[in-house]
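A quick write-up on the structure given underneath.
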Amino acid sequence: MINIDFLYCFILCLVFAIANFFKLGMRNKTYVLPSTFFALMWGLTSLGGFLYSNLLIGDTEYYARAGYLQEVSSYQLTMLIVVFSAFLLARLRRRKVTVELTAEFGSADIVIIRRKMRWILYLFFAIGMYRIISVVSVTGWDYSAMRAYYIASRSNFSEFDSNLIRVGSYLSQFAIFYICILGMETALRGIRLKKFVREFLLFIPFQMSFGGRLFILAFFAPFIISYLLTYSIAVIRDKEKKIDKKFLFVLASPLIMLIVVQILKMDEIVNMKTIEAYSTEIFYTSSIYIHMNELWNSLPYDYSLGYGLNCMGIGSSVYNHIIETWKIDHNPASVCVPSMIPQAFLDFGKIGSLVFFFVAFYIMESSAIVCLKKLTTKNMLIIILLCQVTYQTVSSSTFDGLRAFIVGYICLILFVQMTQLKIVKNPERY
């Protein structure tokens with residue numbers, strides 16, 4: 001076996017995830033925190049990296065000649081040790097914090113909030129349907145053609161289309177918070193499949209119009225995160241509460257849909273043979289290793305660090321040059337998800353990036369634990385937002401994660417004002 005560090009990464013994430021569900025360092029608190037989803041996603045991605053690089057699954061042509069995966073896996077293992085150390089330190093320092101449910105946190109209030117904000121989902125649906133109709137009028141109901149049309153035309157959108165997509169992208173953040181509220185309500189009141197499917201169908205048209213798979217994760221990830229977090233809190237209050245068996249259907253749905261949509265994207269027929277052939281799509285985030293392998297291969301021997309330019313979205317001259325070269329050469333890395341590693345690595349170097357990750361994830365975990373002290377609906381949404389950021393670290397760049405948090409937090413504040421949720425001012429310092 002080669003690239004054994006990927007396997008060590010998977011084992012490390014698995015051990016932390018198991019310890020997490022036994023509430024390691026979290027006595028009398030929830031077992032669902034930002035670190036939970038970080039461990040699950042990096043564990044799944046690492047397992048995929050190990051299987052792909054050892055030519056055990058998938059298309060082996062690329063991995064058979066990939067020459068830098070050992071360096072990538074070695075760095076990733078060190079990074080995971082550093083990040084998990086930050087998580088544990090945050091838990092140890094906040095070990096005396098216990099969950100305190102406020103009067104504002106309850107299923108009745110959450111239902112009222114969701115109903116007041118449902119117009120957001122209708123508006124998001126209307127914009128999405130306009131996009132779907134516009135695209136289908138050109139491509140027909142061919143999902144692979146829809147994706148190809150988007151890729152070919154995205155640099156030539158009209159001013160109206162560009163502005164509409166921009167509005168839809170920001171509105172999607174509000175729609176995601178609506179889905180979070182739906183997940184919280186469902187955890188407290190039970191799963192109603194008819195309503196769940198209806199909300200899913202209202203949510204997906206906008207992102208589906210781009211011909212990708214983002215609409216699946218954009219809906220299911222916040223729903224599952226908010227459901228699990230709210231359920232873990234509810235169990236503290238009601239020891240007899242059982243998880244809804246229908247939730248297993250919710251968990252299985254995105255996995256099945258990721259495979260089916262990928263088959264449609266490749267312009268193939270959905271049957272048992274193609275489903276089996278594309279079953280490795282559950283490891284879709286492992287394409288980050290194609291991006292990083294090519295990055296390590298393209299780095300000049302001597303280059304200047306970006307010192308934050310990449311993480312702020314400006315881009316260093318080195319990284320910008322590499323990305324542009326990939327686009328010209330049609331390098332597969334140009335369309336692969338980058339993960340949080342490349343930008344931080346090119347900005348701060350190996351040691352500096354590890355320090356950056358330690359500080360960033362310590363702050364996120366610690367902030368989530370502090371929010372448990374006064375568990376209002378607003379504080380619950382902050383924890384969910386932090387969970388989403390850590391969940392996306394395997395599929396989004398550092399800048400994308402930072403932007404998602406800033407935009408998400410602004411949306412949260414507006415959401416709070418529009419629904420008149422109470423904000424705990426001047427919280428006690430711990």
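Computing Cα extents along the principal axes in Å directly from the structure and comparing it against (1) 59, 52, 43; (2) 67, 54, 51; (3) 65, 51, 49 singles out (1).
Backbone geometry of the range 212-224 corresponds, through the Karplus equation with coefficients 6.51, -1.76 and 1.60 at θ = phi - 60°, to 3J(HN,Hα) couplings of x, 10, 4, 4, 5, 5, 4, 8, 6, 4, x, 5, 5 Hz, x marking Gly and Pro.
Working ranking of peptides 166-174, 300-308, 45-53 by packing, defined as the average number of other Cβ atoms within 10 Å per residue, highest first, is 45-53, 166-174, 300-308.
Using a 1.4 Å probe over the heavy atoms of the protein chains, calculate the carbon and sulfur portion of the accessible area of the chain as a whole percent. Accessible surface attributable to carbon and sulfur in the chain totals 62 percent. Computed from phi, the 3J(HN,Hα) profile of the range 33-42 under the Karplus parametrisation 6.51, -1.76, 1.60 (θ = phi - 60°) reads 9, x, 5, 4, 6, 4, 5, 5, 6, 6 Hz, with x in place of Gly and Pro. Multiplying the residue separation of Tyr409 and Tyr303 by 0.36 nm and removing their Cα-Cα distance gives an extension gain of 34.6 nm. If you sort His321, His330, His291 by accessible surface, 1.4 Å probe, largest first, the order is His330, His321, His291.
Quick one: which of 401-413, 151-163 comes out on top by average Cβ neighbours within 10 Å, and what's the full order, highest first?
Peptide ranking by packing, descending: 401-413, 151-163.
Highest mean first, what order results for 66-77, 223-234 on Cβ atoms within 10 Å?
Order by mean packing, descending: 223-234, 66-77.
Please tell me which of these pairs span more than 18 angstrom C-alpha to C-alpha: Lys96/Lys373; Lys116/Lys373; Lys194/Lys245; Lys195/Lys245; Lys194/Lys246; Lys327/Lys350? Walk me through the numbers before you get to the answer.
On the way: Lys96/Lys373 10 Å; Lys116/Lys373 27 Å; Lys194/Lys245 15 Å; Lys195/Lys245 16 Å; Lys194/Lys246 12 Å; Lys327/Lys350 26 Å.
The pairs that break the limit, which is 18 Å between Cα atoms, are Lys116/Lys373; Lys327/Lys350.
Over the chain, average the accessible area per residue using a 1.4 Å probe and give it in Å², no decimals. Write down the numbers at each step before the final one.
Values: 20300 Å² over 430 residues.
Accessible area per residue, the chain: 47 Å².
Each residue of the range 367-379 was assigned a 3J(HN,Hα) from its phi angle through the Karplus curve 6.51 cos²θ - 1.76 cosθ + 1.60 (θ = phi - 60°); the sequence is 5, 5, 5, 4, 4, 5, 5, 10, 7, 7, 4, 4, 5 Hz, with glycine and proline shown as x.
The values are calculated or read from the model by the stated rules, or taken from the named source; none is laboratory data. Computed from a prediction, not measured in an experiment: that's the story for all the values here. Methodologically, a virtual Cβ is constructed for each residue, glycine included, from the backbone with ideal geometry; neighbour enumeration extends over all protein chains shown. Heads up: the accessible areas ignore ligands, DNA and RNA and are worked out on the full protein's heavy atoms, side chains in. Shrake-Rupley method; radii C 1.70, N 1.55, O 1.52, S 1.80 Å.
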